[in-house]
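Here the structure comes first, spelled out in structure tokens, and everything after it is commentary.
Values quoted throughout were computed directly from the atomic coordinates according to the rules given, and no laboratory measurement underlies them. On a predicted model such as this, the values are computed, not experimentally measured, just so you know. Cβ placement follows ideal geometry from the backbone for every residue including glycine, while neighbour counts extend to all protein chains displayed.
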Ligand code: FES
């Protein structure tokens, strides 16, 4: 069968000067017949030693290439900016949109007919999918997989323990030496965080969207089946290019609804809210913050995985992985069965026979760890455009709570004040942090799960209501209200909260209310002053163009799909 005419032919088929240049430079070390019109596959790699969770991606890329060659494609691996969650300052989220721009422009600018996205550490998934969605070529995701379970003194540990151990040291129940001893026991292998943090949540999201082959979300990073999946994905992207199966046929409204429900069923990260809204914005699929509540509210969390549950991603894979969860959703009529996936089959065809091997880790639907999982979207005069809370990671006794605000104007103010023995705070107080939203930080840092005052930890208090315009790590937990919009830096009501104000949270009623009169709030607004804008550089571009959390915090000029046509040839 004759090959369809791929876009790469515009580079490689000409017999003139331009064709000479394109083939001669790109063809070094390759037989000349590779430019016979076969599909060219880009392998978009976020490998970097500065992104340790993606440090095994060169090996994964080699397995993808095997599959591409075997299926008759021509693979070219290319790097894009890589953001390591643990090291990049002030926060990796500051660069998500920048990376998406890198991906979009490099995919469009090069002779690529289909692209394999190698995604791992938190932001490397949404940024690559956002960029690819704005180009709309055939694309498939290969995730890096989670690291092996941590082991410390015979106990299984994962990244959520970092928060716990840190509080234990402050509370005096763990020594500083024990804390240091646990450090190498946490990260024992390649891969992303071992809990259902943001990285694994986003791997779940892409599999539920239909953007990866089945089991992509949970095969451990060092399991040979991860490399088999990479090989098979390499084969499949060649077929997708031949079938002309672009991302827009996968990224439908149904696919997004499936992803939201899958997130609820696995107890996924609150960060998925922002990233999925941004991906939908690129794909041109209408999706709102309210959809997260409506669609996820009645989804029970059945994956007993940290931080919502007890087990780790490694256990989750052995128990059946995401296909087992999607099957349970389908059987409960909570899955759009007809949604198309990258392997050309419907999601239901992929999962309808998926076994569950361990019902302790992947619970039965009528024995969930939380009956109403998902993400609660709160509204009220403190968050007119919404805020989010993850009920499965919160303390049930705090889901309805009223308390006096203890206010921190920014993260530095919090750090200088939180352990002050004279701080007027008790277990019923509500910690309120401002200035950590998309524009305020800038970049919307993961500081919303602010640590509790040491003096309360020493009294045995382990959770308090915390409210901010920040995000929190997907591995964190607590009764934490996040993503308050509009944020304080643009004059949202959060900016007006003062010490001692009464704040009322009612998760069942989905309300977040500041009990201060409208007149008093108007008086405070008169006195409020907007923070100064950054002067120049990327920070200025970021602050001028980033949107609010409730719409995905994308740049206004990047929303939408611009396709893969090129205005002009280069030579
Ligand atoms: Fe990279 Fe958690 S820090 S996945």
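Side notes on the structure shown:
- Euclidean distance between Cα centres, segment 523-571 to segment 277-306, Å: 23 Å
- Cα gyration tensor shape for segment 469-571, rounded if a/c is under 1.5, else prolate or oblate: prolate
- Taking each residue as 0.36 nm, the span from residue 529 to residue 352 lengthens on full extension beyond its C-alpha to C-alpha distance by 58.1 nm.
- Estimated FRET transfer efficiency when R0 is 25 angstrom, pair residue 371-residue 179 (beta carbons, to 0.05): 0.10
- Nearest-0.05 FRET efficiency for residue 58 and residue 168, computed from C-beta distance (R0 56 Å): 0.90
- Helix 271-283 and the long axis of the chain differ in direction by around 40°, with both axes built from C-alpha atoms.
- Across segment 87-166, Cα pairs under 8 Å and at least six residues apart give a relative contact order of 29 percent.
- Among 165-176, 64-75, sorting by the average number of other beta carbon atoms lying within 10 angstrom of each residue, highest first, gives 64-75, 165-176.
- Segment residue 225-residue 288, length gained on full extension (0.36 nm per residue, minus Cα span): 19.1 nm
- Placing a pseudo-label 7 Å from each Cα along the Cα-to-Cβ vector at residue 297 and residue 331 gives an inter-label distance of 2.7 nm.
- With the simple model of a label 7 Å out from the Cα in the direction of the Cβ, residue 521 to residue 310 spans 4.4 nm.
- Euclidean distance of C-alpha centroids, segment 491-505 and segment 132-153, integer Å: 38 Å
- A simple packing score, the average count of other Cβ atoms within 10 Å per residue, orders the peptides 468-477, 322-331, 12-21, 524-533 as 468-477, 322-331, 12-21, 524-533, with the highest score first.
- Counting only alpha carbon atoms, the long axis of helix 198-209 and the longest principal axis of the chain meet at about 50°.
- Potential lengthening between residue 50 and residue 25 on full extension [0.36 nm per residue; Cα-Cα distance subtracted]: 6.0 nm
- Overall form of the chain per C-alpha gyration tensor (a/c, 1.5; a/b vs b/c): prolate
- With Cα atoms defining each centre, segment 10-82 and segment 198-217 are spaced 24 Å apart in the structure.
- In this simple spin-label approximation, residue 89 and residue 419 carry label points 7 Å from Cα along the Cα→Cβ vector, and these lie 1.8 nm apart.
- Per-residue packing, averaged as other Cβ atoms within 10 Å, sorts the ranges 284-296, 39-51, 131-143, 182-194 into the order 131-143, 39-51, 182-194, 284-296, beginning with the highest.
- When the helices of the chain are scored as -39500 (n - 2.57) per DSSP H run of n ≥ 4 and the total is divided over every residue, the value at 222 nm lands at -10500 deg cm²/dmol.
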